[in-house]
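Below is one structure, written out as structure tokens; comments come after it.
The values are calculated or read from the model by the stated rules, or taken from the named source; none is laboratory data. These numbers come from a predicted model, not from an experiment. Positions of Cβ are generated from backbone atoms using ideal geometry, with glycine treated the same way; all protein chains shown enter the neighbour counts.
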Ligand code: MLT
């Protein structure tokens with residue numbers, strides 16, 4: 001009989017969002033009349049920008065002629081998209097990132113786990129707690145952790161707690177780690193990092209020969225002009241950091257799929273022999289072997305994000321979701337709850353009411369208000385007693401959800 005990957009058997013629970021969907025489905029089947037409002041998974045709800053749709057339609061037509069037809073594209077992405085990204089997202093902010101350092105992909109979730117292909121097995125890994133569960137689960141699946149303990153924490157991982165007590169700012173690891181996952185604006189807490197805070201991480205990484213995996217999927221939601229959008233705004237980051245970006249949340253590509261990863265040239269890792277190896281070459285090799293690129297149509301849609309019309313439409317979308325976040329913050333605060341995040345991020349993080357743990361609050365909200373959120377404990381042990389509400393929904397649904405919450 002075929003052998004299975006035993007690492008999967010170490011996983012504590014189902015992946016968080018399918019688990020929530022399973023519970024919501026069961027509730028919905030038992031209560032078919034309940035009008036459920038979903039503020040759980042951070043999935044966008046508003047239509048794709050017109051600029052993107054126009055570009056995608058034109059791309060479809062191009063493929064319909066012999067001259068315009070394209071088969072396999074470059075595994076790294078089309079040069080025109082990589083150049084637009086380098087110019088608008090990095091060079092315009094003073095970051096020294098070239099088009100050839102950008103690898104187009106079908107998602108940051110995929111990239112954040114695929115990157116483990118090019119990293120060795122013995123790395124000491126640090127994650128915040130709570131954390132986007134993919135970082136942890138992908139390491140479990142790849143055999144980079146031990147077993148989980150009673151709290152669901154995996155042996156071998158260094159957990160850096162982020163709670164209200166430390167302002168959701170993770171302490172630097174006590175000892176040496178080799179790989180650090182950072183996400184700013186943060187999923188799930190909505191916290192952000194200043195340049196000075198990121199500089200501390202970069203300095204730590206350089207001093208300890210560590211690699212930072214910087215997830216900036218939510219950078220478009222930053223409103224404070226003083227805050228960095230990219231790790232490459234920080235001195236020395238090119239020598240210690242890989243950055244993940246996505247079109248999912250800014251331009252609504254969660255369904256159409258397009259993202260990218262920046263791997264700077266000259267960013268090195270160490271082989272078992274002690275030899276220094278450039279990570280760019282390994283990632284390029286990995287992508288060429290295991291990935292055939294994102295469709296031409298979708299890449300043309302992503303390119304349109306950088307047109308003047310695309311930029312204006314994306315800004316409108318971001319403002320729309322951030323106005324939702326402001327409504328959620330205002331209403332929860334008025335209800336006497338302690339509320340965090342939601343000012344530079346589309347997630348509002350709240351303390352559960354006294355006497356209720358995260359899943360208890362989930363059940364109460366679903367059962368009594370028919371509103372779905374995400375239990376903080378699903379993001380890690382230190383998320384217990386917290387709860388996440390997503391600002392991705394229609395205005396009518398957000399207002400109705402808040403009305404029901406107030407009535408509780
Ligand atoms: C979330 O709700 O945390 C996000 O939808 C996760 C993701 O983008 O994969």
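One table, with the values for the structure above:
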quantity	calculated
Breaking point among (1) more than 22 Å from residue 294 (Cβ to Cβ); (2) within 16 Å of the ligand (Cβ to nearest atom); (3) surrounded by 13 or more Cβ atoms within 10 Å (Cβ to Cβ), for residue 22	(3)
Residue among 282, 227, 179 that is away from the ligand (no atom under 16 Å from the Cβ), surrounded by 16 or more Cβ atoms within 10 Å (Cβ to Cβ) and over 30 Å from residue 121 (Cβ atoms)	227
Condition met for residue 70 (surrounded by fewer than 16 Cβ atoms within 10 Å (Cβ to Cβ), more than 15 Å from the ligand (Cβ to nearest atom), closer than 24 Å to residue 257 by Cβ and in the same structural domain as residue 315 (by TED's automatic domain parsing))	no
Residue list for region 380-408, filter: within 16 Å of the ligand (Cβ to nearest atom) and closer than 19 Å to residue 354 by Cα	383, 386, 387, 388, 389
Residues that are away from the ligand (no atom under 13 Å from the Cβ) and modelled with pLDDT of 95 or more, drawn from region 365-379	365, 366, 367, 368, 369, 370, 371
Scan of region 342-372 for residues that are farther than 16 Å from residue 384 by Cα and either more than 26 Å from the chain's Cα centre (by Cα) or assigned to a loop (DSSP other than H, G, I, E, B) (or both), ordered by number	342, 343, 344, 345, 346, 367, 368, 369, 370
Residue 339 vs. criteria without any contact (Cβ under 8 Å) to a residue 40 or more places away in the chain and surrounded by 19 or more Cβ atoms within 10 Å (Cβ to Cβ)	yes
Within region 234-259, considering residues that are away from the ligand (no atom under 15 Å from the Cβ) and touching a residue at least 40 places away in the same chain (Cβ under 8 Å), the one surrounded by the fewest Cβ atoms within 10 Å (Cβ to Cβ)	238
Residue, nearest to the ligand (Cβ to nearest atom), within region 206-218, restricted to residues that are crowded, with 24+ Cβ neighbours inside 10 Å and more than 16 Å from residue 119 (Cα to Cα)	217
Meets criteria (at pLDDT below 95 and away from the ligand (no atom under 16 Å from the Cβ)) for residue 174	yes
Matching entry among 316, 289, 352 (being outside the structural domain of residue 169 (by TED's automatic domain parsing), without any contact (Cβ under 8 Å) to a residue 60 or more places away in the chain and surrounded by fewer than 16 Cβ atoms within 10 Å (Cβ to Cβ))	316
Some residue of region 74-86 being outside any loop (DSSP other than H, G, I, E, B), at pLDDT 95 or above and within 16 Å of the ligand (Cβ to nearest atom)	no
When residues of region 147-158 are limited to those that are free of Cβ contacts under 8 Å to residues at least 60 places away in the same chain and assigned to a loop (DSSP other than H, G, I, E, B), the one surrounded by the fewest Cβ atoms within 10 Å (Cβ to Cβ)	150
Pair list, Cβ < 6 Å and 6+ apart or interchain, from region 97-111 residues that are farther than 18 Å from residue 238 by Cβ to residues that are within 10 Å of the ligand (Cβ to nearest atom) and part of a loop (DSSP other than H, G, I, E, B)	108/217
Count of residues meeting criterion [in contact with a helix residue (DSSP H, G or I) (Cβ under 6 Å, 6 or more places away or on another chain), part of a loop (DSSP other than H, G, I, E, B) and more than 12 Å from the ligand (Cβ to nearest atom)] in region 99-139	0
